[in-house]
Amino acid sequence: MIGSRQPRQSSIAALGLALLALLAARPSAADVADTVAALRDEPLSLFDWGLFRLEEDLQSVRRQDQDFIRVFYEPEDQRIVVEGIFLVDKQEIKAVNAQRACFTRHHAIKLTLGVIDTDRIHIAPAADFRLGMKFSHHNSDAWPELPDAAELGAEMLNAVFIKVGIADDPEQFPFLQVMRCDGALLSQEVEYHLPIADDVTPD
């Protein structure tokens, strides 16, 4: 009987050690409090806040839950990047081709930012003010040292770059993009290319 109990006792001991190791690996309440305190001490700049508000507004461009849009800053190129990955029905791609499907979504982002860009017209009515307000205080009188929203937006419009990718297989994740189209917000030039297979999804 004693011999039959030893394996069971050993298993219980091993399980106990595993639980202790798991509990030891988890952050304590004090660690979590320290992390929260550190984050609360980090200042949020108007630039960070503006990127967040811009990304929030651009979610309206998404057509379905799988679509993804993010906004971030690339310091090496000194530009604000709007990146979107869209799931497109294969029938749409068959009907209008992948390049047109990609352009349609690229242009939808432009429209949301206030830029109208077609074969015949290229205008940005009040786009400078709309973008500048994302990076400004609502009460400009309280912060007279900050630039006017329209002036700020006019400068930042030149820094916005749009990257769009489309995919056609909802069962595959990460999505394998069938087309990419990239271009600056204020430029009518859009470059189309097939992405590298490994560069297909957001982080």
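The values are calculated or read from the model by the stated rules, or taken from the named source; none is laboratory data. Predicted model, so just to flag it, every value in this text is computed and none were measured. Note: ideal-geometry Cβ built from the backbone for every residue, glycine included; neighbour counts use all protein chains shown. All accessible areas refer to the heavy atoms of the entire protein, side chains included, with ligands and DNA or RNA removed. Shrake-Rupley method; radii C 1.70, N 1.55, O 1.52, S 1.80 Å.
Rolling a 1.4 angstrom probe over the protein heavy atoms, how many square angstrom per residue are accessible across region 24-133?
Numbers: 6840 Å² over 110 residues.
I get 62 Å² per residue for this part.
For the pair H193 and L46, what calculated FRET efficiency results from E = 1/(1 + (r/R0)^6), where r is the Cβ-Cβ distance and R0 = 41 Å, to the nearest 0.05?
Numbers: r = 35 Å, r/R0 = 0.85.
Efficiency, rounded to the nearest 0.05: 0.75.
So how much accessible area does S45 have, in Å² to the nearest 10, using a 1.4 Å probe?
Here the residue's solvent-accessible area equals roughly 50 Å².
Could you check how much of the accessible area of region 71-185 is carbon and sulfur, as a whole percent, using a 1.4 Å probe? If you can, show how the numbers build up before the last one.
Working: 3200 of 6050 Å².
Of all accessible area on region 71-185, carbon and sulfur atoms account for 53 percent.
Between L176 and D119, how many nm apart are label points set 7 Å from Cα along the C-beta direction?
A separation of 3.3 nm, rounded to one decimal place.
Roughly how many nanometres apart are two label points built 7 Å out from the Cα toward the Cβ at L146 and T104?
3.8
Could you state the principal axis extents of the C-alpha atoms in region 94-140, from the largest down, to the nearest angstrom?
50, 20, 9
Can you tell me how much longer the chain between L39 and E55 gets when fully stretched, taken as 0.36 nm per residue apart minus their C-alpha distance, in nm with one decimal? Could the numbers behind the result be given before it?
On the way: separation 16, 0.36 × 16 = 5.76 nm, distance 2.12 nm.
My answer for the length gained is 3.6 nm.
I need the Kirkwood Rh of region 45-141: take the reciprocal of the average 1/r across all distinct C-alpha pairs and report it in angstrom.
For region 45-141, inverting the mean 1/r across all distinct Cα pairs yields 15.0 Å.
Largest first, what is the accessible-area ranking of F173, F52, F135 with a 1.4 Å probe? Provide the component values of the computation, followed by the final result.
Working: F173 160, F52 110, F135 10 Å².
Listed by decreasing accessible area, they come as F173, F52, F135.
Using r as the Cβ-Cβ distance of Q64 and A126, and R0 as 25 Å, what FRET efficiency do you calculate, to the nearest 0.05? Could you put the intermediate results ahead of the total?
Values: r = 29 Å, r/R0 = 1.18.
Result of the calculation: an efficiency of 0.25.
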